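Visitor: Here it is, the structure, as C-alpha cells.
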Amino acid sequence: MIIERLRQYALLARLDRPIGILILLWPTLWALWLASHGKPDMQVFAVFTLGVVLMRSAGCVINDYADRDFDPHVERTKQRPIAAGKVSPKEALAVFAVLCLAAFALVLLMNAYTIWLSFAGAFLAASYPFMKRYTQLPQAYLGMAFGWAVPMAFAAQTDTIPVVAWVLYLAVMLWALVYDTMYAMVDKDDDLKIGVKSTAILFGDYDRHIIAALQAVIIALLLAVGQLEHLQWPYYLGLVVAAGLSVYQQKLIFYREKASCFQAFLNNNWFGVAVFVGLAGAYLV
C-alpha cells in the first residue's frame with residue numbers, strides 16, 4: 001500500500017518523464033558555469049541540481065492540482081493521478097508542500113541574497129499553473145518561473161547579479177516560451193474546447209513564424225552573452241549546433257502534427273546540451 005502510494009506520488013511529480021527536469025537543469029548549469037568561469041562551487045552545484053529536481057516536481061504537482069477539473073477532458077492528461085482519481089487533491093497539496101519545504105531547506109545552505117530570491121522563485125512556480133485562466137501568455141509566465149534559476153545561480157555563486165545574468169535570463173525566458181508553445185500546440189484542440197488559454201492559441205496561424213522569430217532572438221541573446229563574457233570559440237560552435245536544432249524544430253512543427261510538435265518540444269533538451277557543452281568547452285580552452 002505504501003509503495004503504491006509512493007508510486008502514484010512519483011507519477012504525480014512526473015519523475016517517470018525527466019524531460020522537464022533536463023530543460024530546467026540546462027539553463028541552471030549555463031548560469032553556474034558563467035558565474036564561476038567554469039569552476040562552480042560543488043556545494044552550490046549540488047544544491048541547485050537537487051533543487052531543480054524538487055522544484056520541477058513541485059511544479060508538476062501544483063499544475064495537476066490546478067488543472068484537476070480540466071485534465072479528465074484532455075486525451076493526453078486524463079490518466080494523470082489526480083484526473084484518474086488515484087491521488088486526492090488534498091494529498092497533492094501535501095506532496096507539493098513537502099517538496100517545497102525540501103527545496104527551501106536546500107536553499108538555506110546558500111547566502112542570504114539567494115534565500116531572498118528563492119521566495120520570488122517559489123511564488124512564480126506556485127502561481128504559474130493558474131495563469132492559463134487569466135492570460136493568453138501563460139508560456140511567458142512559465143519562462144519567468146523557469147528562468148529564475150539564472151539570477152539565483154549568480155547570486156549563490158558570486159553574491160551579485162551582473163548584466164550578463166539578466167541577458168541570459170531573458171534568453172532562457174524566451175526559450176521556455178518557445179518550447180512550451182510547441183508543447184501547447186499538441187493540446188490546442190482540447191484547450192480550445194475547454195477554454196484554456198495558451199500562446200499556441202494566441203499566435204494562431206502565425207505560430208511557426210513567431211516561434212522562428214523568437215528562436216532567432218534567443219540565439220542573438222546567447223551571442224551577446226558570449227561577447228559580454230569574452231568566451232572562446234567552442235561556445236560559438238555550440239550556438240551553431242543550437243541554431244541548427246532550432247531549424248530542425250521548425251521542420252518538425254511545419255505541418256502542426258501533434259506527434260511532431262511533441263518531438264520538437266523534446267528536441268529542446270539537445271538545444272540545452274549544445275549550449276552547455278559549448279560553454280564548458282569555452283572554459284576548458
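The values are calculated or read from the model by the stated rules, or taken from the named source; none is laboratory data. Treat the numbers as computed from the prediction; the structure is a model and nothing was measured. No Cβ is skipped: glycine too gets one built from the backbone with ideal geometry, and neighbour counts run over all protein chains shown. Just the protein is used for accessible areas: all its heavy atoms, side chains included, with ligands, DNA and RNA removed. Shrake-Rupley method; radii C 1.70, N 1.55, O 1.52, S 1.80 Å.
Visitor: Rounded to the nearest 10 Å², what accessible area does PHE146 show when all protein chains are kept and the probe is 1.4 Å?
Guide: Accessible area of PHE146: about 50 Å².
Visitor: Same structure again: Is any helix in the chain, taking whole DSSP H runs, at least 24 angstrom long along its axis by alpha carbon and on average at least -0.5 on the Kyte-Doolittle scale, and which ones? Walk me through the intermediate numbers first.
Guide: Working: long enough: 19-36 (26 Å, 1.87); 42-66 (35 Å, 1.27); 89-107 (27 Å, 1.98); 163-186 (36 Å, 1.81); 207-229 (33 Å, 1.40); 233-253 (31 Å, 0.81); 258-284 (40 Å, 0.91).
Going by DSSP H runs, the hits are 19-36, 42-66, 89-107, 163-186, 207-229, 233-253, 258-284.
Visitor: Sticking with this structure for a sec: Kirkwood Rh, Cα Rg: Rg to Rh for the stretch 207-285? Write down the numbers at each step before the final one.
Guide: Numbers: Rg = 13.5 Å, Rh = 13.0 Å.
Rg/Rh for the stretch 207-285 comes to 1.04.
Visitor: Place a +1 charge on the Cβ of each Lys and Arg in the chain and a -1 charge on the Cβ of each Asp and Glu, then give the dipole magnitude about the Cα centre in debye, rounded to the nearest 20. Mind dumping the intermediate values first?
Guide: On the way: 21 positive and 19 negative charges, 80 e Å.
It works out to roughly 380 debye.
Visitor: Taking the alpha-carbon centroid of each part, what is the distance from the stretch 93-135 to the stretch 147-217 in angstrom?
Guide: So the separation of the two Cα centres works out to 19 Å.
Visitor: Measure off 7 Å from each Cα along the Cα-to-Cβ vector at LEU237 and ALA10, then give the distance between these two points in nanometres to one decimal.
Guide: So the label points at LEU237 and ALA10 sit 3.9 nm apart.
Visitor: Please compare each pair in LYS90/LYS193; LYS90/LYS197; LYS193/LYS258; LYS78/LYS258; LYS132/LYS188 to a cut-off of 20 Å on the Cα-Cα distance and tell me which ones are over it. Present the calculation step by step, with values, prior to reporting the outcome.
Guide: Numbers: LYS90/LYS193 27 Å; LYS90/LYS197 26 Å; LYS193/LYS258 16 Å; LYS78/LYS258 17 Å; LYS132/LYS188 13 Å.
Flagged as over cut-off: LYS90/LYS193; LYS90/LYS197.
Visitor: Under a crude label model (7 Å from the Cα following the beta-carbon direction), how far is LYS78 from ALA216 in nanometres?
Guide: Modelled inter-label distance: 4.1 nm.
Visitor: Also: Two decimals, Cα atoms only, Kirkwood Rh: what is Rg/Rh over the stretch 33-78? Mind showing how you got there, number by number?
Guide: Numbers: Rg = 16.9 Å, Rh = 13.0 Å.
Rounded to two decimals, Rg over Rh is 1.30.
Visitor: Using a 1.4 Å probe on the protein chains only, how many percent of the accessible area of the chain belongs to carbon and sulfur?
Guide: Details: 9020 of 13030 Å².
Here carbon and sulfur together make up 69 percent of the probe-accessible area.
Visitor: First obtain the Kirkwood hydrodynamic radius of the stretch 176-246 from its Cα pairs, then insert it into the Stokes-Einstein equation at 4 °C and 1.567 mPa s, and state the resulting D in µm² per second as a whole number.
Guide: Working: Rh = 13.7 Å.
Value of D from the Cα-based Kirkwood radius: 94 µm²/s.
Visitor: Now for a separate question. Roughly speaking, what is the stretch gain from ALA120 to LEU192, that is 0.36 nm per residue apart minus the C-alpha to C-alpha distance, in nm to one decimal? Write out the running numbers ahead of the final one.
Guide: Working: separation 72, 0.36 × 72 = 25.92 nm, distance 3.11 nm.
Full extension from ALA120 to LEU192 adds 22.8 nm.
Visitor: Something else about it: Could you give me the radius of gyration and the Dmax of the stretch 147-285, taking only the C-alpha atoms into account and expressing both in angstrom?
Guide: Computed over the Cα atoms of the stretch 147-285, radius of gyration and Dmax are 16.2, 53 Å.
Visitor: Next question. So if R0 is 41 Å, what FRET efficiency would ASN267 and MET1 give, r being the distance between their Cβ atoms, rounded to the nearest 0.05? If you can, show how the numbers build up before the last one.
Guide: Numbers: r = 40 Å, r/R0 = 0.97.
Here the calculated transfer efficiency is 0.55.
Visitor: While we're on this one: Provide the FRET efficiency to the nearest 0.05 for the MET42-VAL247 pair, computing r from the beta carbons and using R0 = 45 Å. Before the final figure, lay out each step's value.
Guide: Numbers: r = 37 Å, r/R0 = 0.82.
Once rounded, the FRET efficiency stands at 0.75.
Visitor: Still on this structure, I have one more. For a test of the definition: using alpha carbon positions, the gyration tensor, and the 1.5 limit on a/c, classify the stretch 105-184 as rounded, prolate or oblate. Write down the numbers at each step before the final one.
Guide: Values: a/c = 2.93, a/b = 1.62, b/c = 1.81.
The shape class here is oblate.
Visitor: Let me ask you something else. May I ask you to derive the relative contact order of the chain, considering only C-alpha pairs under 8 Å and at least 6 residues apart, and to give it as an integer percent? Provide the component values of the computation, followed by the final result.
Guide: Values: 388 pairs, mean separation 57.6, N = 285.
That works out to 20 percent.
Visitor: With the cut-off at 1.5 for a/c, could you classify the chain from its C-alpha gyration tensor as rounded, prolate or oblate? Provide the component values of the computation, followed by the final result.
Guide: Values: a/c = 1.95, a/b = 1.19, b/c = 1.64.
Taking the square roots of the gyration eigenvalues as a ≥ b ≥ c, the chain is oblate.
Visitor: Using the Cα atoms of the stretch 1-122, I'd like the radius of gyration and the largest Cα-Cα distance, Dmax, both in angstrom.
Guide: Reported Rg and Dmax, both Å: 16.1, 48.
Visitor: Would you tell me the accessible area of ARG76, worked out with a 1.4 angstrom probe on the heavy atoms of the protein chains, in Å² to the nearest 10?
Guide: Result for ARG76: roughly 70 Å² accessible.
Visitor: Kindly list the residues of the stretch 10-34 that lie in the label zone of LYS86, defined by a backbone N under 20 Å from the point 7 Å along the Cα-to-C-beta vector.
Guide: The answer is 10-21, whose backbone nitrogens lie closer than 20 Å to the label point.
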